[in-house]
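Report on the following structure.
None of the figures in this text is laboratory data; all of them are computed from the coordinates on show. This is a predicted model, so every value here is computed, not measured. No Cβ is skipped: glycine too gets one built from the backbone with ideal geometry, and neighbour counts run over all protein chains shown.
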Amino acid sequence: MNLLVASERRWLDVTVGVLLSSLLLFGSLYIIRLNNDSREQQFDNELAMRGQRVSTEQGCVACHTVDGSLGIGPSWKGMMGRTEVMRSGTVVTVDEAYFRESLTDPSRKQVASYPNVMSRYFLEEDEIVALLEFARQLSLVE
Ligand code: HEC
């Protein structure tokens, strides 16, 4: 009787062990997949990657974060399509035209609660297009 119970017990241990190991395995695979997906979504094209390089070369990243955290200027995460209140009280939606204007004439529309410290940038058209794509990609990810 005792022998039977002991062997049933062992089978139970083995089954639970196998179940737990597969859970761990599939759980890890799932998390690895999720991470890859988000990375792909963020930089799924050459242009956005070029934009990221331009933002580093031009030093934009010194003041603009790309992950939503605080910086000297507004974060670029979720920037495109976001509404911003200006110092003058008007509300602006960040779109391509405003992005371009912010580059060449940043003090024309001053985002409220940020300092007027951004200098004017006269970049090549292909650099601006790349920056815009980078900003768009950053606005797609959650
Ligand atoms: C010295 C810090 C600094 C640097 C460097 C800088 N910015 Fe800015 N930027 C700011 C600040 C501060 C604001 C918000 C105040 C304003 O509207 O000028 C801003 C605003 C902006 C806006 C408007 C964003 C919004 O949410 O309304 C855009 C677009 C922008 N910057 C793009 C750039 C790009 C592209 C570069 C690099 C080529 C760059 N910035 C470099 C400080 C900086």
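Every residue, every condition in (1) surrounded by fewer than 16 Cβ atoms within 10 Å (Cβ to Cβ); (2) touching a His at 6+ places or on another chain (Cβ under 8 Å); (3) within 26 Å of Met49 (Cβ to Cβ), yes or no:
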position	(1), (2), (3)
Gly89	yes, no, no
Ala97	yes, no, yes
Arg100	yes, no, yes
Pro106	no, no, yes
Lys109	yes, no, no
Ser113	yes, no, no
Phe122	yes, no, yes
Gln137	no, no, yes
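Looking at region 108-142 only, could you name the residues that are in a helix (DSSP H, G or I) and hydrophobic (A, V, I, L, M, F, W, C)?
Here is the first cut: in region 108-142, the residues in a helix (DSSP H, G or I) are 125-140.
Of everything in region 108-142, those that are in a helix (DSSP H, G or I) and hydrophobic (A, V, I, L, M, F, W, C) turn out to be Ile128, Val129, Ala130, Leu131, Leu132, Phe134, Ala135, Leu138, Leu140.
Screening Val85 with (1) part of a loop (DSSP other than H, G, I, E, B); (2) within 10 Å of the ligand (Cβ to nearest atom); (3) exposed (fewer than 14 other Cβ atoms within 10 Å of the Cβ); (4) touching a residue at least 12 places away in the same chain (Cβ under 8 Å) gives one miss only, at (1).
Among the residues of region 54-82, those identified as of a type in the set (Val, Ile, Thr) and assigned to a loop (DSSP other than H, G, I, E, B) are Thr65, Val66, Ile72.
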